[in-house]
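Notes follow once the structure below has been shown.
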Amino acid sequence: MKISLDWLRDYIELPDNPDELIDVLPMLGIEVEESEEQSSRNLDHVVVGEILSKEPHPEADRLSVCSVEVGKEEPVNIVCGATNFKPGDRVPVALPGAKLPGGFKIKKSKLRGVPSEGMMCSAKELEIGTDDQGLCILPDNPKVGTPIEQFYSEDKVLELEITANRGDCLSYLGVAREISAYYQKEFSTPKISDLGEQHQECPDGYFLKSVSIEGQDCSRYGVWSIQGVTIAPSPDWLKSRLESVGLRPINNVVDITNFVLLETGQPLHAFDAAKIKGETIQIRQAKENESITTLDDVKRKLDPSMMVIADADKPLVIAGIMGSVDAEVDTSTTNLVLESAWFRPGSIRHTARKLGLHTDSSQRFSRDVDPQGLEYAAQRAIDLILEIAGGQCLPKYVCIGNAPREERKIEITQAYAEKICGFDIQPDQLSSAWKRLGFSVTGNNPWQVIIPSFRSEVERPIDLVEEFLRIHGTKELQNNPVVCPSTSRENDGTYEVCQKATDNLVGQGFQEACNYSLRSAEELNSWHPSFEAINLALLNPLTSDHTHVRASLLPGLVDNLAHNQKNLNDLTRIFETGRIFRSGPRGNVEWVSIAFASFAEPNSRQWKNHSKLDFFGIKNQFLSVLHAMGLALPKGNWENLTGLAPWQNDYSAKIGDCHRNKLEASVGILDLQLTKKKEAKGPIFAAEILIDPILLSKRKKAVSFTRFSSFPPAIKDLALVVKRDTPAESVRSDLEKIAISVGGNQFEVDPVTIFDLFQGQGMDEGTKSVACSMRFRAPDRTLSEKEVNQAFDTILKKIDQDTPYELRK
């Protein structure tokens, strides 16, 4: 919110050095984001002049020759082309030597043969207003010869950050009240005329026949009727006030409603009474597929969750946010209906976010305006309208509903305040601070403090202590040592696992990335077409690219790799840890994910050729990460992935199921069409680990040391003929199980390894050879050749009996 200090002076006397407020306001809980000078104009040699005479120019019909008193011994002669003045008017006069904004220099000259010793100026020429249709006629007859800078000094504007619970400070009167309480100075509230007679129904002769409220989102609604107004540009003082805080003047009535909004914090809306169909106003929820064209000329689609102000035919206002062009006040308007209301903050917030339409009105309604301030703001606007636009306000007004909040009483004692503050407090200090903030105080220790309706957040005794400290300051707080017991706890299992994975991947040459956790619907549908995207959609997305929570870390990593490749950066290995979301049998689930991706070869030329990354290379990196995290592979065999996005058919594998095993891993090449769509050139190898946090919360068994054998192993190799579509890992696993069962308690069997695969000449069609190596050892001796041969023969028999495999001869 922007605050003009020149405007603020209308309500309270500011300190001699206004910059002091930049330090004071944050102590009151109002942050100052920035300050700026409103203007940098130089008005030297521009003074107040009085027009003594006005004569036609002898050589030009559109020019006048004027005699102007400027505070010198003799009047000066000035030729002028404006027509909106008369003798006796006092205007700004730029004398020779003046340099106007824009660099225009004033000097003595002749216009059509007549000497001119200066220039009478418009407001726009001096940058003190926007009116360029004639001379700036100065009000109140200022003294002739007075430098014009004394009347149009530079204004300082502060950008304030108002917290969500201080809606009362979204107004000049609210900020003035805070400054008044701090400096212990009186602040003035503009006086208003007597309120008219309130009615619950529209009286005879009113512009409206009925006003009604449907639903719970509008608790109080008032309308006033004003007839015979003249719509015209606003006076300079009103334009200047609005322009000082960045608002564009429109016309006198609209400008007055904006002025009162900024002054009091209560939004108002003025309707052209002739444009209200059926002479009816209904506060209701929008209908399905109903639309409205707002004052910014945008057609907006509404839904039943949004509240509108409507006539008998259509909505005229999106309640609390913006009006429509259908009831706009324009130059043809003569009769007005003025609205002042209280809307439920949550309703206005919801509608503003859903439409992406945030206005000065919605900002204040969503911060909970004062429900008791409706009449004051409306009458303040009416007084200004009658003064500036003319007309007459009908003596009766309609106000329906009840205020959702009234004054509240809180009891508090001096002992309680001193206990919280930690220092002694004089009784009159407490009551004085509360009174300066606008609270009423009765009694004496305990006090009964009556909280006005504009302070919705003050509800408890502790809130009153906070209010006192804000105004009193914290200088008397004593520096006492803080004594508290220290606590220690282990890190969350998720953090530990991700940290171990990070350390391992960094050691393998990967660099960490951090991407947005929100992704687009298009990406989710193309990378995970089997997922139900609606289950991962946000109800109120901020942008069209961030509509769904992510189901995988891989798309973000591909974006990173493609971006760096396109910019010729040699970044080919990247990883990320984070949370992802998937749909499960019992609704959405949140899992921990560790994913990493890499190009097969560097993006730049190297002096030494390195072997390209392949499936087994990325699998080895994955196994290293898994081991570093202290996790074991899920039970079962690797499954070849075919037709499962986002993995390339027959070049990827998966093990485990996170829904069933609490751990799942996929390794291989990402779908080439998907990576090409993201402008990545070349295959991208990736691995993705999904972990259910439940797995990490389980207490792990303590690992005890197992003595290893110091005796040498006995090694036996064999080659098995199997069907070509049988995974080699299945063969290895089956052989390892048989070897362990044969060894029993007599000797140990190390993990069986594959050292050769062969298919082709010499093999039957549709078969292949898998060669494995077995290592036997005993903990207490060197195995004899006879023991090893007996075990090997037994293994061959079991292979023949229990498996479809044949020994290759």
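The values are calculated or read from the model by the stated rules, or taken from the named source; none is laboratory data. This is a predicted model, so every value here is computed, not measured. Because the Cβ atoms are built from the backbone with ideal geometry, glycine has one as well, and the counts that use them run over all protein chains shown. Surface accessibility is based on the protein's heavy atoms, side chains included, excluding ligands, DNA and RNA. Shrake-Rupley method; radii C 1.70, N 1.55, O 1.52, S 1.80 Å.
Of all residues in the stretch 702-720, those that are open to solvent by less than 30 Å² (accessible area, probe 1.4 Å) and either within 15 Å of ASP756 (Cβ to Cβ) or free of Cβ contacts under 8 Å to residues at least 12 places away in the same chain (or both) total 3. For the stretch 10-20, the set of residues classified as touching a strand residue (DSSP E or B) at 6+ places or on another chain (Cβ under 7 Å) and at pLDDT below 90 consists of PRO18 only. Please go through the stretch 584-602 and pick out each residue that is buried (at least 16 other Cβ atoms within 10 Å of the Cβ), over 19 Å from TRP647 (Cα atoms) and not β-branched (Val, Ile, Thr). The one that is buried (at least 16 other Cβ atoms within 10 Å of the Cβ), over 19 Å from TRP647 (Cα atoms) and not β-branched (Val, Ile, Thr): TRP591. Whether a residue is of a type in the set (A, V, I, L, M), over 39 Å from the mean Cα position of the chain (by Cα) and within 30 Å of GLU476 (Cβ to Cβ) was assessed, and VAL441 passes this test. Within the stretch 646-664, the set of residues being surrounded by fewer than 17 Cβ atoms within 10 Å (Cβ to Cβ) and either on the phi > 0 side of the Ramachandran plot or in a loop (DSSP other than H, G, I, E, B) (or both) comprises ASP650, ASP657. Annotation note: Cβ proximity below 8 Å between a residue of the stretch 768-784 that is at pLDDT below 90 and a residue that is among the basic types (Lys, Arg) and open to solvent by 80 Å² or more (accessible area, probe 1.4 Å) (sequence gap 6+ or interchain) occurs for PRO779/ARG707. Condition test on ARG605, is it open to solvent by 60 Å² or more (accessible area, probe 1.4 Å), over 27 Å from ILE694 (Cβ atoms), in contact with a Phe, Trp or Tyr (Cβ under 9 Å, 6 or more places away or on another chain) and of a type outside the set (Phe, Trp, Tyr)? No; evaluated as a whole, the condition is false for this residue.
Kindly evaluate SER697 against the criterion of being free of Cβ contacts under 8 Å to residues at least 60 places away in the same chain and surrounded by fewer than 19 Cβ atoms within 10 Å (Cβ to Cβ). So SER697 does not fit the description; no.
Taken over the stretch 163-198, the criterion of being surrounded by 15 or more Cβ atoms within 10 Å (Cβ to Cβ), over 26 Å from SER431 (Cα atoms) and in contact with a strand residue (DSSP E or B) (Cβ under 9 Å, 6 or more places away or on another chain) is satisfied by LEU195, GLY196. The residue pairs whose first member lies in the stretch 189-204 and is touching a residue at least 24 places away in the same chain (Cβ under 8 Å), whose second member is of a type in the set (Asp, Glu) and surrounded by 14 or more Cβ atoms within 10 Å (Cβ to Cβ), and whose beta carbons are closer than 7 Å, counting only pairs six or more residues apart or on different chains, are ILE192/ASP383; SER193/ASP383; LEU195/GLU375. On the stretch given as the stretch 744-773, residues that are over 60 Å from the mean Cα position of the chain (by Cα), among the polar types (S, T, N, Q) and within 21 Å of SER709 (Cβ to Cβ) total 3. Every listed requirement among (1) loosely packed, with under 14 Cβ neighbours inside 10 Å; (2) touching a Phe, Trp or Tyr at 6+ places or on another chain (Cβ under 6 Å); (3) not basic (Lys, Arg) is met by LEU641 save one, (1). When residues in the stretch 411-438 are screened for being within 25 Å of PHE187 (Cβ to Cβ) and open to solvent by 10 Å² or more (accessible area, probe 1.4 Å), 9 of them pass. Taking the criterion of being touching a residue at least 60 places away in the same chain (Cβ under 8 Å), more than 20 Å from LEU126 (Cα to Cα) and surrounded by fewer than 17 Cβ atoms within 10 Å (Cβ to Cβ), would at least one residue in the stretch 72-84 satisfy it? Yes, the stretch 72-84 contains a residue that is touching a residue at least 60 places away in the same chain (Cβ under 8 Å), more than 20 Å from LEU126 (Cα to Cα) and surrounded by fewer than 17 Cβ atoms within 10 Å (Cβ to Cβ). Among the residues here, PRO404 qualifies as more than 16 Å from LEU262 (Cα to Cα) and open to solvent by 10 Å² or more (accessible area, probe 1.4 Å).
Among the residues of the stretch 91-115, those that are within 55 Å of the chain's Cα centre (by Cα) and open to solvent by 50 Å² or more (accessible area, probe 1.4 Å) comprise GLY97, LYS99, GLY102, PHE104, LYS105, LYS107. Here TRP7 meets each of (1) part of a loop (DSSP other than H, G, I, E, B); (2) modelled with pLDDT of 90 or more; (3) in contact with a helix residue (DSSP H, G or I) (Cβ under 7 Å, 6 or more places away or on another chain) with one exception, condition (1). Of the residues making up the stretch 384-398, those that are touching a strand residue (DSSP E or B) at 6+ places or on another chain (Cβ under 9 Å) and within 15 Å of ASN252 (Cα to Cα) are ILE385, LEU386, ALA389, GLY391. In this structure, does GLU411 turn out to be part of a loop (DSSP other than H, G, I, E, B), farther than 18 Å from ALA181 by Cβ and either in contact with a Leu (Cβ under 7 Å, 6 or more places away or on another chain) or acidic (Asp, Glu) (or both)? In short, no. Taken as a whole, the stretch 451-458 holds no residue that is touching a residue at least 60 places away in the same chain (Cβ under 8 Å), open to solvent by 80 Å² or more (accessible area, probe 1.4 Å) and within 30 Å of GLU339 (Cα to Cα).
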